[in-house]
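The values are calculated or read from the model by the stated rules, or taken from the named source; none is laboratory data. Remember, it's a predicted structure, so these values are computed and weren't measured experimentally. Counting neighbours? That spans all protein chains shown, and the Cβs are built from the backbone with ideal geometry, glycine included.
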Amino acid sequence: MKVGFIGLGIMGRPMAKNVLKAGHEVFCFDFNEAAVEDVVASGATAVKSGKAAAEAADVVITMLPNGPNVLAALSGDNGIAAGLSEGKIFVDMSSIAPGVSRQAGQLVEATGAKMIDAPVSGGEPGAIAGTIAIMVGGEEDVFESVKDLLLTMGKSATYVGPLGAGNIAKLANQSIVAVNIAVLAEALVLAQKSGVDPASVVEAIRGGLAGSAVMEQKATKMLTQEFSPGFRINLHIKDLNNALTTAAEEDAFMPLTAVVRQHMSSLEAQGFAGEDHSSLLRIVQQLSNTVLGEDC
Ligand code: NAD
């Protein structure tokens, strides 16, 4: 298959390489020339614009930061939409607001092409290993026609519903993860303030109902105050903003998500937006006047 790939950042670069490894032809574009050169060294062809990628390809994938970036990449004389036509498929794998996905869908459908939204979870390690989970919205037969291509990048590709539904699933994922991390921080600080070793508490409860992938991946970072990303606070703020905007549009009640979004604002104000989201612990530590591992 001929695949256009636009957005070769932390996630897009290894994903494009996995598409290449599976034997597809890749036409890639990013503003970052070093990223393009790296993917070209793995066998891709560099093109000068989104339009050129779409003209050369059957399927065009984007992996961009947020909705405005996706709309910008689609638009204009050199944008992706200018190179799309009937029979082509546009797959946006960025995590964006579902309403913006539907807006992008209108730009794509005006060209005769089809669009699915297919955001992912699993982070950079999953993107490198080809084990990300992909959640898909759009027409089901369009999804089926690119499913094998998606599975060159991930271990699962699950159809959720119409266009935007993939991003609804992603926002659900991001809300659950954010609140889970925040309450893990509260529980560890509770143990510490009570004079009980937080590491022993993790050990004692990980096999029970409170055990989770979040606990497995984030408890050690919290216990050692090691907050290198991982998944950055500023990207998680973007996702929670999209979740809360969508909640407002749909009259959905999400107070826990809103509170954790506020914790993240405080981290941003203190200059920690580039840290891993496990640094939510900092807020609970500050307000409890303790640091895990000290004064226990
Ligand atoms: P990133 O910032 O590392 O990469 C984005 C890339 O897009 C950059 O290389 C940038 O130059 C390029 N870009 C932006 N606008 C462009 C345009 N108009 N044309 C061409 N290139 C353009 O971001 P990332 O971490 O790879 O994340 C991408 C998406 O995946 C985001 O929506 C993010 O929320 C989501 N995501 C990230 C992770 C993670 O762990 N990093 C995990 C799951 C999902």
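Quick look at the values:
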item	result
Those residues of region 213-238 which are more than 16 Å from residue 274 (Cβ to Cβ) and in a helix (DSSP H, G or I), in sequence order	213, 214, 215, 216, 217, 218, 219, 220, 222, 223
Strands (runs of 3 or more DSSP E) fully within region 1-75 counting 1 or more residues that are near the ligand (Cβ under 8 Å from one of its atoms) and touching a residue at least 60 places away in the same chain (Cβ under 8 Å)	2-6
Counted residues, region 239-267 - those being surrounded by fewer than 16 Cβ atoms within 10 Å (Cβ to Cβ) and part of a loop (DSSP other than H, G, I, E, B)	3
Residue selected from region 155-174 under the condition more than 10 Å from residue 98 (Cβ to Cβ) and surrounded by 21 or more Cβ atoms within 10 Å (Cβ to Cβ), by the criterion farthest from the ligand (Cβ to nearest atom)	157
Lone qualifier among 140, 124, 109 - being at pLDDT below 95, of a type outside the set (A, V, I, L, M) and surrounded by fewer than 22 Cβ atoms within 10 Å (Cβ to Cβ)	124
Flag for residue 229 being at pLDDT below 95 and not charged (D, E, K, R)	yes
The lone exception for residue 83 - which of (1) within 14 Å of the ligand (Cβ to nearest atom); (2) of a type outside the set (S, T, N, Q); (3) under 24 Å from the mean Cα position of the chain (by Cα) it fails	(3)
Residue, modelled with the highest pLDDT, within region 232-242, restricted to residues that are over 11 Å from residue 66 (Cα atoms) and near the ligand (Cβ under 9 Å from one of its atoms)	236
Residue match in region 55-69 (condition: hydroxyl-bearing (Ser, Thr, Tyr), farther than 18 Å from residue 150 by Cα, surrounded by 15 or more Cβ atoms within 10 Å (Cβ to Cβ) and not assigned by TED's automatic domain parsing to the domain that holds residue 239)	no
From 171, 163, 149, 184, residue being within 28 Å of residue 294 (Cβ to Cβ) and either at pLDDT 95 or above or part of a loop (DSSP other than H, G, I, E, B) (or both)	184
Any hit, region 183-206, residues being within 14 Å of the ligand (Cβ to nearest atom) and either surrounded by 17 or more Cβ atoms within 10 Å (Cβ to Cβ) or closer than 24 Å to residue 256 by Cβ (or both)	no
